[in-house]
Every structure is written in structure tokens, then in C-alpha cells.
Amino acid sequence: MSLIQSDWLNLLKPNYKVLPLKERLLSGFGALCGLAISSLISWYVLGGMNAWYIAPMGASSVLLFAVPNSPLAQPWNVVVGNTLAGLIGVTCTQLLPDLTSAFSIAVGLAIFMMMTTDSLHPPSGAVAITAVLGGDAVHRLGFQFILYPVLLNSILLLLIAVFFNRLIGRHYPITAHINERSKDPTPTQKVSIQPKDIRYALAHHTELLDISQYDLEKIILEAQERANERLTNSFVCQDIMSRDVMKLHEDDDIHQALDKFKAVNLMSLPVVNTANHLVGTLALYEVVEWFKSATDPRNSWQHYVRQIMSHRVVIVDPSQPIQDLIPYFVEKSFNYIPVVENKCLIGIISRADMIAALQQQLNRQKLSFE
């Protein structure tokens with residue numbers, strides 16, 4: 001009997017990922033801070049107004065801090081959705097004396113208008129009801145209710161959500177996964193799933209999905225990459241790396257560095273210290289920029305590689321699968337990636353190394369199907 005009850009309860013539960021404890025705590029803490037700060041600012045700005053904060057902001061905070069990747073939680077939806085709902089709710093209040101008719105029509109019309117303007121935001125339904133059932137304090141405001149507290153509360157909460165989500169490393173608002181160098185699909189998309197394929201699939205589903213096209217595309221590509229890994233035995237970085245590495249020392253003179261660039265005809269080189277620890281990378285264009293500004297008195301102190309090199313370096317582990325490197329060579333146009341073990345530079349993997357390895361894997365896969 002208990003097993004049957006458990007199965008029945010599982011049917012009622014959403015097929016939704018339960019986030020780790022840290023993420024759940026951050027979401028709750030973010031909502032706490034967002035509501036507290038935005039309400040205090042609203043109270044300060046609006047002074048003695050009774051309706052200085054509205055309850056639907058609590059629902060908005062669930063989206064903004066718990067599921068910021070949702071299309072329903074984006075800035076356009078929060079601001080436009082709440083504003084439209086407030087406008088419709090106030091209008092219905094003034095035109096329809098019967099409260100039941102007023103809030104029912106207000107919510108229904110708000111949903112239609114939000115879906116029409118691509119600004120659907122579930123808490124906005126509560127904004128429309130608040131405009132009708134908010135009592136004398138709200139009714140006295142009339143159409144000012146749209147500007148404050150609705151618009152004021154929405155913008156304040158949104159700004160705090162943007163700051164908080166970025167502070168903890170979340171990407172909010174979400175942005176399109178596009179090719180920054182061209183209007184064409186990215187190199188990865190050209191040979192796999194493209195945005196037009198996602199749009200085609202979504203066009204055949206009339207129901208609204210609470211996931212953006214870009215997140216859906218990212219998930220599918222990651223799943224496809226994972227599946228591809230099972231089809232063949234993958235090389236790891238130490239299998240294909242070059243161990244005889246041309247490198248610079250952090251105490252090398254910049255003129256010496258230029259001589260090395262000319263000798264090997266490379267666009268960038270790794271930089272190590274006396275312990276052979278990787279400490280940075282120096283690109284040829286950085287040397288060129290140094291020569292261009294060498295006459296500037298402010299740059300007269302720069303003589304060594306360590307003073308002009310970049311300290312931010314993408315590195316890989318020798319046992320890491322080479323598939324992990326593909327996005328850097330394809331999407332970021334890297335020329336090479338250093339291989340580091342215990343902070344020491346032990347090799348590099350160039351674009352040519354990757355092409356050769358991937359060609360070998362293609363040959364293996366071809367033979368397995370014959």
C-alpha cells in the first residue's frame with residue numbers, strides 16, 4: 001500500500017532538479033537581501049505612503065533568486081509584465097464596480113497582454129489583483145500605483161538581483177549563445193545542432209516551456225558531447241602534448257622575447273619562473289604594443305617579460321580528455337594550451353596536435369562501423 005501511495009505522490013511531483021544545499025541557501029539569502037533592501041529603499045522614498053511595498057514582489061523574488069535562468073525571470077518580463085498588469089488592474093478597478101468581475105478580467109487580460117508582448121511574469125497576475133483588491137490606500141493612488149510602488153519595487157528588486165546573481169557567479173540576465181565574430185552559427189553549432197534547429201523544434205510545440213532557447217541548446221550540445229565520448233576511446237592531454245616546449249622566462253628582457261618570437265614564428269609563448277612554474281603567457285601583440293608605447297615616460301619602467309605578460313592562463317591537466325580542449329580551440333581561437341602538473345609546465349598542446357588527434361579518432365570511428 002505504501003509503495004502505491006509513493007508512486008501516486010511521485011506523479012504529482014515535478015520532474016525538477018533539486019539543487020545542492022549551497023545553491024538553495026544562496027537563493028534564500030538572495031531573496032532575503034533583495035526584499036529587505038528594496039523594501040527599505042521604497043519606504044524611504046515613499047515616506048508615509050501606506051502601499052509602499054506590494055506582496056507580489058515576494059513571488060518575483062522566487063524567480064529572480066531561485067530560477068534566474070528562467071525566461072519568466074528576465075528583466076523585460078519583470079518590468080514590463082508588472083507594469084502592464086498594474087495598468088490593466090487600475091483600469092479595471094475604475095471601469096468595473098463589481099470586484100469579482102474586475103480582478104478576474106484584469107488577470108485574464110494581463111496574461112493575454114504579457115504573452116503578446118513576450119513579457120510573461122507569473123507574479124504580475126498578483127499585481128493585477130492587488131490593484132483591484134488592495135483597498136483604499138491603493139485605490140487612492142489611481143494610475144500612480146503603476147509608477148509607485150509597482151515600477152519602483154520592480155526596478156529596485158531587479159537591480160539587487162542582477163548584482164547578487166553576478167556576485168555569486170551566476171549569469172543574469174541570460175544572454176544568447178552567439179558567434180561573437182560573425183553572424184553565422186559558432187563553429188561548434190555548424191557541425192552539430194544550430195539555433196535554427198532548436199527554433200524549428202520549438203515551433204512545433206504550442207505549449208510554453210519554462211526554459212530559454214539558449215539554455216536548451218546548451219543542454220542538448222553538452223548531452224551530445226557526453227554521448228560522443230562513449231563512442232570512442234579518447235586521448236588524454238599527455239598522449240598528444242609536445243614536451244619540448246619553447247617558453248619564455250619571466251625575467252627575460254622584452255627584446256629577447258621578440259627574438260624568440262621571430263625564431264619560432266609563434267603568436268604567443270608560455271612564461272615560467274625559476275622553478276619552471278607557469279606564471280603567465282606573452283602574446284606577440286603585447287610585445288608590439290609595448291614597442292608602440294616605449295616612448296611614453298609612464299612605461300619607461302617596463303623592461304622584462306613579467307611586466308607586460310598576461311597572468312590569466314587557461315591550463316589543462318595531463319590526464320584530462322582532449323575533448324575538454326575543443327571549445328578553446330574552436331570557439332576562442334587558441335593557438336595552444338599549456339599542460340601543467342604540480343604547477344610545473346610539462347608540455348603544450350597546439351591546434352595542430354588537436355587536429356591530428358581528432359583525425360585519428362575519426363579514422364577509428366570509421367573503422368568500427370565498417
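List of remarks:
- Across region 210-218, rounded Karplus estimates of 3J(HN,Hα) from the backbone phi angles (6.51 cos²θ - 1.76 cosθ + 1.60, θ = phi - 60°) give 8, 7, 6, 4, 6, 5, 4, 4, 4 Hz, Gly and Pro being marked x.
- Kirkwood-type hydrodynamic radius, region 17-167: 15.5 Å, calculated from all non-identical alpha-carbon pairs.
- For LEU248, the shell of other residues with beta-carbons less than 12 Å away shows a net charge of -3, using +1 for Lys and Arg and -1 for Asp and Glu.
- Sites GLN302 and LYS262, calculated FRET efficiency, Cβ-Cβ separation with R0 22 Å, nearest 0.05: 0.65
- Coupling constants for region 50-64 follow from the phi torsions by the Karplus curve (6.51 cos²θ - 1.76 cosθ + 1.60, θ = phi - 60°), and in residue order they are 5, 9, 7, 8, 10, 4, x, 5, x, 5, 4, 5, 4, 5, 5 Hz; glycine and proline get x.
- Backbone amide hydrogens, once placed in the peptide plane, bring THR117 within less than 5 Å of nothing, excluding anything fewer than 5 places away on its chain.
- Cross-link table LYS262/LYS292; LYS262/LYS343; LYS247/LYS343, entries beyond 24 Å C-alpha to C-alpha: LYS262/LYS343
- Percent of C-alpha pairs per 5 Å bin, region 237-369, short to long: 2, 10, 19, 20, 18, 12, 8, 5, 3, 2, 1, 0, 0, 0
- Around ALA51: net Lys/Arg minus Asp/Glu count, Cβ-Cβ under 10 Å: 0
- Packing-based order for 131-139, 260-268, using average beta carbon neighbours within 10 Å, highest first: 131-139, 260-268
- J(HN,Hα) series, region 120-128, from Karplus relation 6.51 cos²θ - 1.76 cosθ + 1.60, nearest Hz, glycine and proline x: 4, 9, x, x, 5, x, 6, 5, 4
Taken together, the values in this text are just the output of simple stated rules run on the coordinates, not laboratory data. Remember, predicted model here, so these are calculated numbers, not experimental data. FYI the Cβ positions are ideal-geometry reconstructions off the backbone, even for glycines, and counts take in every protein chain you see.
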